[in-house]
């Protein structure tokens, strides 16, 4: 027997958010502010079509268990707040015959993470709630971004399951990593150039050292001092060139070290 896949409200809301990428989408929307003294209702999600000519507010009530659907019928009170109202459940949890004509039904498939409309409600004309719009403007002006959770427990469950898709964090990390990689690449190129200069300088110094050893240098005493003393004794002018080459090589080696 095939095991049932457990569905969370977060899974369903994420699918709804994907469905309404071009709309203004919000979760946990209150019917108004607490300051107006009314008994506020909270819809699990709404989608507002961005149209002046044909405004459309779609309300969603998410039910992930059979008992939740049977025990809670407050979603009927959401009808005055939206042009269309849907109950969204895991596949086959609720049948279309169980809902009145005014309320639609959408099934969520946990395996494909997709939504399927099983019952579409008839269009209704409503007077858009000023109280709800004021709540959205004053408290929820920006669309929700994943993750969205109605409780801290739901947030932690999604985090533990690795289901959160924090786009802002991912973008920031990606940008930081790109900048860091660019910096490291630049430093590597600098090190490679210094390495090449050091190899060239060591090669020059080795040649100068061979000449000095052939002319009596013991290989241990200060080479600059030794050359100076030899030059005072009237050595051939070629030693002047050797002296200059040695000083240049020593100077370049010191430069590479710093």
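Read-outs: derived from the displayed coordinates by stated rules, not from any lab. As the structure is a prediction and not an experimental result, all values here were calculated from the model. Methodologically, a virtual Cβ is constructed for each residue, glycine included, from the backbone with ideal geometry; neighbour enumeration extends over all protein chains shown.
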Residue 52 paired with residue 137, simple spin-label distance in nm, labels 7 Å along Cα-to-beta-carbon: 1.5
Extension gain, residue 191 back to residue 41 (0.36 nm per residue minus Cα-Cα distance, nm): 47.5 nm
Checking rank on 211-219, 78-86, with mean other Cβ inside 10 Å and highest first, the result is 78-86, 211-219
With an 8 Å cut-off on Cα pairs and a minimum separation of 6 or more residues, tell me the relative contact order of the stretch 1-126 in percent. 20
If you average the C-alpha positions of the stretch 175-206 and of the stretch 114-144 separately, how far apart do those two centres end up, in angstrom? 59
